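Participant: Encoded as structure tokens, here's the structure I'll be asking about.
The values are calculated or read from the model by the stated rules, or taken from the named source; none is laboratory data. Remember, predicted model here, so these are calculated numbers, not experimental data. Counting neighbours? That spans all protein chains shown, and the Cβs are built from the backbone with ideal geometry, glycine included.
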Amino acid sequence: MKVELHRHLDISLRLETLLELAQERGLEGQSSSLAGFRDKVVLHSPLQDLDSVLDRFRLLQQVLDRPEVLERVAYETVHDCAREGTTAVELRFSPSFVCELNGLSWNDILDGFESGMRRALRDLPLMQAGLICIASRNYGVDSAARTVEFYLQNRTRFIGLDLAGNEQDFPCRMFEEAFRPAREAGAQVTIHAGEATGPESIWEAIEFLGARRIGHGVSSILDGQLLEYLSEKSICLEMCPTSNWLTRAVKSREEHPLPQLLRAGVPVTINTDDPTIFGVTLPSEFEICRDRMGLTDLEIETCHAHAVRASFLKFSTQ
Ligand SMILES: [Zn+2]
């Protein structure tokens with residue numbers, strides 16, 4: 001069984017689909033080639049400035065403009081994951097991010113993504129998939145509180161809740177109140193933390209938001225006590241090597257702390273994060289872990305086993 005825990009559904013579009021949607025909307029010339037478009041959309045070297053990635057996010061927001069498009073994107077993504085050899089995938093999206101430019105209702109967004117996912121699962125009877133609802137830090141505390149409310153209203157349609165976005169300016173502790181109803185309801189919580197900031201962010205995610213898993217958690221390597229805690233409590237790190245390199249969370253993939261964390265007993269998993277802009281697949285990420293970081297086949301199997309154990313899917317009602 002191969003499980004992927006951390007993949008953003010709203011940043012998982014096939015390049016062919018993204019190009020077609022961009023051309024339909026006049027955002028890209030009719031004569032654009034897929035190769036030229038790939039060069040424009042996929043990051044090949046670490047980010048120089050935030051604007052370069054914001055432009056890419058904007059393009060995604062511009063094309064994800066109708067429930068039918070969301071349905072198609074979710075359908076294709078589940079098929080792509082199956083083709084990558086994944087047998088269960090947790091797909092996350094931020095309703096506030098998707099609706100920002102198009103004014104779609106959050107219900108329409110969930111309906112669109114969910115029906116595409118379900119249609120793909122009907123084609124793939126051995127596959128499992130579930131949705132995680134993301135509250136985006138950058139839209140502020142009130143928006144996060146509304147997202148938590150939306151998550152709770154649709155509790156049976158989501159398998160978990162996440163907080164993502166700018167960690168530096170919007171630390172976890174700001175969202176303690178917003179997340180309280182979810183904690184009280186026993187939500188399965190994963191939090192993006194320790195990607196752009198130090199280990200204190202990971203402690204806060206656990207303490208203030210009730211995180212049972214951490215998105216990235218790269219900076220945990222700086223805090224021995226935290227490593228012990230993560231391994232003792234089986235708090236899994238959803239690591240995304242290429243993403244961590246391209247966003248400068250690590251200097252290079254060779255210097256990624258993933259092997260060290262795994263060998264210290266932390267439940268580490270390997271994931272793609274944003275396949276559209278990072279140009280990765282799950283097998284390509286595993287290859288990087290083997291070839292550039294020196295993970296053994298047994299260690300790779302251990303990462304797969306951690307993902308199975310940490311998956312929220314077993315808690316879903318589907
Ligand atoms: Zn992420």
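Participant: Which condition number in (1) in contact with a strand residue (DSSP E or B) (Cβ under 8 Å, 6 or more places away or on another chain); (2) surrounded by 24 or more Cβ atoms within 10 Å (Cβ to Cβ); (3) closer than 30 Å to L19 by Cα is the one that L282 fails?
Facilitator: Only one criterion is unmet by L282, namely (2).
Participant: Sticking with this one: Could you list, in sequence order, the residues of the stretch 115-132 that are charged (D, E, K, R) and either touching a residue at least 40 places away in the same chain (Cβ under 8 Å) or outside any helix (DSSP H, G or I) (or both)?
Facilitator: Passing the criteria: R119, D123.
Participant: Still on this model: Could you tell me which residue of the stretch 277-318 is farthest from T247 (Cα to Cα), considering only residues that are small (G, A, S) and at pLDDT 95 or above?
Facilitator: In this case the residue turns out to be A305.
Participant: A follow-up question, please. Looking only at the stretch 138-168, filter to residues that are out of contact with any Cys (no Cβ under 8 Å at 6 or more places or on another chain) and of a type in the set (D, E, K, R); which one of those is farthest from R212 (Cα to Cα)?
Facilitator: Top of the filtered list is D142.
Participant: Return the residue satisfying two criteria in turn: it lies in the stretch 86-110 and is part of a helix (DSSP H, G or I) and among the aromatic types (F, W, Y), and of such residues it is nearest to the ligand (Cβ to nearest atom).
Facilitator: F97
Participant: If you don't mind, another one. For the list (1) crowded, with 21+ Cβ neighbours inside 10 Å; (2) among the polar types (S, T, N, Q); (3) modelled with pLDDT of 95 or more, I need the number of the one condition that T247 fails.
Facilitator: Every condition holds for T247 apart from (3).
Participant: Would you be able to tell me the number of residues in the stretch 271-303 that are more than 15 Å from the ligand (Cβ to nearest atom) and part of a helix (DSSP H, G or I)?
Facilitator: Going through the stretch 271-303 one residue at a time, the tally reaches 15.
Participant: Show me the helices (runs of 4 or more DSSP H) entirely contained within the stretch 5-66 in which 2 or more residues are within 16 Å of the ligand (Cβ to nearest atom) and closer than 21 Å to H192 by Cα.
Facilitator: It comes to 50-63.
Participant: Working only within the stretch 79-95, note down all residues that are under 18 Å from R122 (Cβ atoms) and in contact with a Ser or Thr (Cβ under 9 Å, 6 or more places away or on another chain).
Facilitator: Across the stretch 79-95, the qualifying residues are D80, C81, R83, A88, V89, L91.
Participant: Could I ask something else about it? With closer than 29 Å to V3 by Cβ and at pLDDT below 95 as the only criterion, which of L161, L121, L126 stands out?
Facilitator: L126
Participant: Collect the residues in the stretch 147-174 that are in a helix (DSSP H, G or I) and more than 16 Å from the ligand (Cβ to nearest atom), keeping them in residue-number order.
Facilitator: V148, E149, F150, Y151, L152, Q153, R155, T156, R157, R173, M174
Participant: Quickly run through the stretch 65-114 and pick out the residues that are among the aromatic types (F, W, Y) and more than 17 Å from D273 (Cα to Cα).
Facilitator: Y75, W106, F113, listed by residue number.
Participant: In addition: Going by what's in this entry, would C240 be described as in contact with a strand residue (DSSP E or B) (Cβ under 7 Å, 6 or more places away or on another chain) and in contact (Cβ under 8 Å) with a residue 40 or more places away in the chain?
Facilitator: Yes, satisfied.
Participant: Kindly establish whether S234 is away from the ligand (no atom under 16 Å from the Cβ), closer than 24 Å to N271 by Cβ and surrounded by fewer than 18 Cβ atoms within 10 Å (Cβ to Cβ).
Facilitator: So S234 fits the description; yes.
Participant: Please count how many residues of the stretch 257-270 are away from the ligand (no atom under 16 Å from the Cβ) and closer than 10 Å to C240 by Cβ.
Facilitator: Within the stretch 257-270, residues that are away from the ligand (no atom under 16 Å from the Cβ) and closer than 10 Å to C240 by Cβ number 0.
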